[in-house]
Amino acid sequence: MKIKIAKKAGFCMGVRRAVNLVLKALSRGEKPIYTYGPLIHNPQTLKLLEKLGVKIIRDVNEDVPSGSCILRAHGIPPQEKEKLSKKHKIIDGTCPRVLKVQALAKKAVKRGADVIIIGDKDHAEVKGILGFCKDKGYIVNNFEDIEKLPELKDYVILSQTTQDKNLFEKLSQKILSKYPSGEVINTICNATHLRQEEVRKLCNECQVIIVIGGKFSANTNRLAQIARNEGKEVYLVETADEIPLEKIKKYKKIGITAGASTPNWLINEVVDKLKSTSIFYIILKVFSFLCFVPILSFLLYFLGFSNFANFNISNFFLFFLFSFLFFKYNFFQLKTKDSLEFFYSLKNKFLNNHKWLINFLLIISGILVILSSLFIDLKLFSLFIIFIFLDFFLLKSSFYFISEILFFIILVFYFLGFNNLLLLMEIIAFLIFMRLYLELVYLETDGFLPKNFLISLCSFREDTVYKVLNIIIISGILLSFVLCFKNIFYIFLVLIWGWGYCLIKFLKKRPLGQIVYLENLSLTFPLLFFIFSLIYKIWK
Ligand code: SF4
């Protein structure tokens, strides 16, 4: 089964921005947090917001305690905004493209012109724009509405941003033919148009189309309708549970698209359900859900470092290290599993369904850590205790990642000797790079990330994280060049950073529904380091 996901599926820029504003307000610890009306047309995201304590104000006069109030992407009338601002701190999530339409309406009214909005009179965005028109605004949604218009002289025609382009053109031409002195400004958002074009293309390539999104979301239903018009079998689903896998399994090529309010974590769930028949995928999933990505990364960096230091690690020690890392990562993942529900629901479900197995593995790994450390060196046991306490202490802080770095430094100092500070710095840069990469993967789920993520220091701003990653890459490359003075072989480290840059470039394209693959892909970074260190060891 081949799955093709539309590139423009899921959150549009405006919805994403509004959801991120909630995420930032939550991470700042603001309380209480409200949204004026439902933030987006997606019941699953609204449910998560409710669990996070975000409440909905349905009426400006509602008697609720003062707090922070986030305005949704489609905007509200200025009169309501003013009323709300008297009681609450306003966080304006109105999409910049909607703000532009509001500004155009305001400008037209200021010069005395009338405003015709082509759109749905019950849609929040249209109501919001109308609020800027005073008594000079009219809504047109069909040809009958045109007949009801008064005599117009100076006027502008604007469109709801999610309006159908063909309908907008037909209606505006009709109005112009009746009252020729008007001005037409097409304010349809490109995101809607591109999404609809893409679903048409998808229909040419796939046998069946799955549209993910709220059953009452207008743009989701429009996408499903377009696919039906193209003669395709269409399944409009809100969650993965609604997918009739038995029926769909027989198709070779399945197309997936999603409405503008559908978060990527829901797309991930649907892809997961479709892939659940592939053994390769299941292995990758278990691998990633049992924390083998950070465990193996750590081990590969450590083994790579020991190869460069020409030091042979004993099997016993490796056994200790593996057991310790397995315990550390899985124990703390289990402790914070509730936060996974808000951005990585698949992992959360896995941990809940396999609680007994994971607890059993934790007990075994804990016993193995104790036994192996007793065999090698008692100091290792103290190290184990110290780092478990340190993790507990840092668990809720953005500096949680420091524990991993400290542990690496101590192991290097203690076992490999302090003989290559520059290489150690390079590996610390690798570790930070990988952490940020993984957190970016999680940020792309459009969920709500916990405060103990390193990227909370960047206020969960994607652009800032990309800048930081680029700075790390440049610093890493410079460091590699300095290392080359010591040994020209270190030039290979530049290649690893080059690969890191490719990973970031790929991630920037926002590949949807690929979370398990993206997590595992990060392992290529330490794997390359380890391979180069092996070549170095053999070459030496
Ligand atoms: S559809 Fe366009 S205008 Fe509407 S919120 Fe999304 S980006 Fe903004």
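Residue 247 fulfils the conditions (1) surrounded by fewer than 21 Cβ atoms within 10 Å (Cβ to Cβ); (2) more than 16 Å from the ligand (Cβ to nearest atom); (3) in contact (Cβ under 8 Å) with a residue 40 or more places away in the chain except for a single criterion, (3).
Buried (at least 18 other Cβ atoms within 10 Å of the Cβ), closer than 28 Å to residue 398 by Cβ and more than 16 Å from the ligand (Cβ to nearest atom) - does that describe any residue in segment 7-22? Checked segment 7-22: no residue is buried (at least 18 other Cβ atoms within 10 Å of the Cβ), closer than 28 Å to residue 398 by Cβ and more than 16 Å from the ligand (Cβ to nearest atom). For residue 15, the conditions (1) β-branched (Val, Ile, Thr); (2) free of Cβ contacts under 8 Å to residues at least 60 places away in the same chain; (3) part of a helix (DSSP H, G or I) are fulfilled apart from (2). Contact map, segment 403-431: first residue closer than 19 Å to residue 316 by Cβ, second residue of a type outside the set (A, V, I, L, M, F, W, C) and part of a helix (DSSP H, G or I), Cβ cut-off under 6 Å, separation 6 or more or different chains; pairs are 416/306. Tally the residues that are under 27 Å from residue 147 (Cβ atoms), of a type in the set (A, V, I, L, M) and more than 9 Å from the ligand (Cβ to nearest atom), restricting the search to segment 174-195. Within segment 174-195, residues that are under 27 Å from residue 147 (Cβ atoms), of a type in the set (A, V, I, L, M) and more than 9 Å from the ligand (Cβ to nearest atom) number 4. Does segment 24-45 contain any residue that is within 16 Å of the ligand (Cβ to nearest atom) and either without any contact (Cβ under 8 Å) to a residue 24 or more places away in the chain or part of a strand (DSSP E or B) (or both)? Checked segment 24-45: at least one residue is within 16 Å of the ligand (Cβ to nearest atom) and either without any contact (Cβ under 8 Å) to a residue 24 or more places away in the chain or part of a strand (DSSP E or B) (or both). Considering only residues in segment 77-99 that are among the hydrophobic types (A, V, I, L, M, F, W, C), touching a residue at least 40 places away in the same chain (Cβ under 8 Å) and over 22 Å from residue 158 (Cβ atoms), the one that is nearest to the ligand (Cβ to nearest atom) turns out to be 91. Scanning segment 496-525 for residues that are more than 30 Å from residue 266 (Cα to Cα) and surrounded by 14 or more Cβ atoms within 10 Å (Cβ to Cβ) yields 496, 497. Only one entry in 473, 491 is outside any loop (DSSP other than H, G, I, E, B) and either outside the structural domain of residue 335 (by TED's automatic domain parsing) or without any contact (Cβ under 8 Å) to a residue 12 or more places away in the chain (or both), namely 491. For segment 192-236, residues that are assigned to a loop (DSSP other than H, G, I, E, B), of a type outside the set (Lys, Arg) and either in contact with a Cys (Cβ under 6 Å, 6 or more places away or on another chain) or more than 21 Å from residue 40 (Cα to Cα) (or both) total 4.
Okay, residues lined up against (1) more than 20 Å from residue 404 (Cβ to Cβ); (2) of a type outside the set (Phe, Trp, Tyr):
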{"position": "337", "(1), (2)": "no, yes"}
{"position": "341", "(1), (2)": "yes, yes"}
{"position": "347", "(1), (2)": "no, yes"}
{"position": "360", "(1), (2)": "yes, no"}
{"position": "369", "(1), (2)": "no, yes"}
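In segment 49-75, of all residues being in contact with a Gly (Cβ under 7 Å, 6 or more places away or on another chain) and away from the ligand (no atom under 16 Å from the Cβ), the one that is nearest to residue 446 (Cα to Cα) corresponds to 56.
The values are calculated or read from the model by the stated rules, or taken from the named source; none is laboratory data. Everything numeric in this text was worked out from a predicted model, so none of it was measured. Cβ: placed from backbone, ideal geometry, glycine included. Neighbour counts: every protein chain shown.
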